[in-house]
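Here's a structure for you.
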Ligand SMILES: [Zn+2]
C-alpha cells in the first residue's frame, strides 16, 4: 500500500455496498477517506487488540489488516472493521474532534471509576457502542435482527 487506498475502494474489495454506507453515515464520503498503515511509533500508543484507529483525516491500520485488505482475505471481517472506523469519522464530523475526544475519554474514565476493567470501560464508551452497532448492520456473518 504505497499510495493510500481509499476507504471506498477498500469497502468495494470487501464486498460492502458503498451507497448503503453513505446512507448510514451521511457526514462522510468513503472515497475521500485514506486508509494508511500506522507507523511503529503510532502503533506503540495503541492498546493491545486494537487493529485500526480513526483520526479525523483518515483510518490507520496494522500491517496485518493492510495485508488482509491487499490480498482480499476475510473480507467480511475487513468490511466490518472499515464501517466501524468510518462511523468514528462520521462522529468526528458530527461532534467535532474536540467534543469527540472529550466524550470518548470522559466515558472511558467514568467506566474506570465504576471499576470496569480497561477492556470493559473501552467497550462501554458510547461512541464505541454506536460504531459497533452500525458495523453490525453491515456484517454479513450476523443474522439481521
Ligand atoms: Zn472504535
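Values in this text are rule-based calculations from the coordinates and carry no lab data. Computed from a prediction, not measured in an experiment: that's the story for all the values here. Here the Cβ positions follow ideal geometry from the backbone for every residue, glycine too, while neighbour counts run over all protein chains shown.
Within 16 Å of the ligand (Cβ to nearest atom) and either surrounded by fewer than 15 Cβ atoms within 10 Å (Cβ to Cβ) or in a strand (DSSP E or B) (or both), is that true of residue 120? Reasoning before the result, please.
Numbers: within 16 Å of the ligand (Cβ to nearest atom): yes; either surrounded by fewer than 15 Cβ atoms within 10 Å (Cβ to Cβ) or in a strand (DSSP E or B) (or both): yes.
Spelling it out, residue 120 is indeed within 16 Å of the ligand (Cβ to nearest atom) and either surrounded by fewer than 15 Cβ atoms within 10 Å (Cβ to Cβ) or in a strand (DSSP E or B) (or both).
Next up: For segment 33-70, how many residues are outside any loop (DSSP other than H, G, I, E, B) and loosely packed, with under 12 Cβ neighbours inside 10 Å?
3
Please pick out the residue among 84, 100 that is within 15 Å of the ligand (Cβ to nearest atom), part of a helix (DSSP H, G or I) and under 19 Å from residue 49 (Cα atoms).
Just one listed residue meets the conditions, 84.
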